[in-house]
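Comments concern the structure below.
The values are calculated or read from the model by the stated rules, or taken from the named source; none is laboratory data. Keep in mind the model is a prediction, meaning the values are calculated, not measured. Virtual Cβ from ideal backbone geometry, glycine too; neighbours counted across all protein chains shown.
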Amino acid sequence: MDNHIGIIGSGSWATALAKILTDNNRHIHWWIRNEDTIRHMQQRHHNKHHLNSVYFDTRLLQLNSSAQEVVAASDTIILAVPSAFLRSVLESLPADALKGKKVVSAIKGLVSGTNQLINDYLAETFGLPPEQYFTITGPCHAEEVANEKLSYLTFSGVEPDATENIAAMFNNSYLQTIVNRDVTGVQFASVLKNIYAMGAGIAHGLEYGDNFQSVFITNCFREMQEFLEKYEQAQTGSGQEPAVHNYNASAYLGDLLVTCYSLHSRNRTFGNMIGKGYSVKATQLEMNMVAEGYYASRSVFEINKEIGAYMPVAQKVYAILWEQLHPEEAYMELEKGFI
Ligand SMILES: NC(=O)C1=CN([C@@H]2O[C@H](COP(=O)(O)OP(=O)(O)OC[C@H]3O[C@@H](n4cnc5c(N)ncnc54)[C@H](O)[C@@H]3O)[C@@H](O)[C@H]2O)C=CC1
Ligand SMILES: O=C(CO)COP(=O)(O)O
């Protein structure tokens, strides 16, 4: 049976994923919030707000502003809205809306308000079982997908065959896929790297150089591992099986590097403005895209109150963004403790 794919979201990442799938000749049901964006896409064949150089074969698109209808029409649903909007987008769905469906999260963030991983939220709200949940992570900027620059995405799921099948839908000449079972680890890696890219941007804004950045990122990488270890120790107490994490894999180290260094990165750009002295409010107004690291810094700070990982960088980024700590002062303190 043909797989009916739905995409929820119409930002840069949703648009890039839609491009990959339609380049592979897949039909998609696509939830786009704004009717005007839908009309433009139907008439002009591109998303006028994001990646507008990407043109679609609209015969492959079923555009719809009702998330409920897109979910009902699909058996594999890709979530690609910023984490801050996930709950409001899904709130119209009935509790059994995801029954028997596969859900693939492309979101690199935690659920706002509850600080949950996306799978935990979907399990609690819609009863989604673990074997129906998958993630898309790895170092990949939408802008490079738009230009068909060779990129690698990691697909994670507890069911290897089903994960392979989902990954296969994306594989093509410019997109390689990697598969693993590390659902929790890759999600936290992609949440944490946004905080560290924010930090790398702040460092750049403060005019630290490449030598500092490499030490900074090395220390962030260590923090990422400590956070996961402490998080899992806390979970093991509640009977969950600890997973094996390949920290050197591209979903961990690769995504940390690309987000900290790439000029495409929203998080790095946001941090750079903060380092240069812009306020959080002014930075948000300036950017028409979402930097997940802003929200993640608070969520991780709150989670870490419970698990006690040693993460001075994440704590300083949080204090700069949420408690008005002066970036220069914060980084002078950070400088002293790096290994
Ligand atoms: N852009 C990228 O290269 C990549 C992004 N991601 C992840 O994908 C997720 C989505 O990010 P992007 O597509 O980059 O975001 P974006 O910043 O490009 O787009 C944000 C979207 O959110 C929409 N939006 C604004 N207010 C909304 C509301 N109240 N309800 C629903 N939607 C609303 C905007 O219309 C826009 O379509 C994030 O978790 C991000 O970390 C993951 C990999 C790569
Ligand atoms: O996840 C990404 C690259 O892998 C996108 O990062 P930014 O949101 O910082 O652009």
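Quick notes on this structure:
- Residue match in the stretch 296-309 (condition: modelled with pLDDT of 95 or more, assigned by TED's automatic domain parsing to the domain that holds Ser214, among the polar types (S, T, N, Q) and within 16 Å of ligand 1 (Cβ to nearest atom)): yes
- The sole residue among Ser92, Ser66, Ser105, Ser88 that is at pLDDT below 95 and either crowded, with 21+ Cβ neighbours inside 10 Å or away from ligand 2 (no atom under 16 Å from the Cβ) (or both) is Ser92.
- For Asp75, the stated conditions hold: it is loosely packed, with under 15 Cβ neighbours inside 10 Å and in contact (Cβ under 8 Å) with a residue 24 or more places away in the chain.
- Scan of the stretch 121-143 for residues that are within 12 Å of ligand 1 (Cβ to nearest atom) and either more than 16 Å from the chain's Cα centre (by Cα) or hydroxyl-bearing (Ser, Thr, Tyr) (or both), ordered by number: Thr135, Thr137
- Per-region count, the stretch 172-199, residues under 20 Å from Val103 (Cβ atoms) and more than 15 Å from ligand 1 (Cβ to nearest atom): 7
- Once the stretch 262-320 is narrowed to residues that are more than 10 Å from ligand 2 (Cβ to nearest atom) and basic (Lys, Arg), the residue that is farthest from the chain's Cα centre (by Cα) is Lys276.
- Of residues in the stretch 1-16 being in contact with a strand residue (DSSP E or B) (Cβ under 6 Å, 6 or more places away or on another chain) and at pLDDT 95 or above, the one nearest to ligand 1 (Cβ to nearest atom): Ala14
- Only listed residue being closer than 20 Å to Met169 by Cβ and within 14 Å of ligand 1 (Cβ to nearest atom), chosen from Val71, Val89, Val54: Val54
- One residue alone among His27, His40, His49 is modelled with pLDDT of 95 or more and within 16 Å of ligand 2 (Cβ to nearest atom), and that residue is His49.
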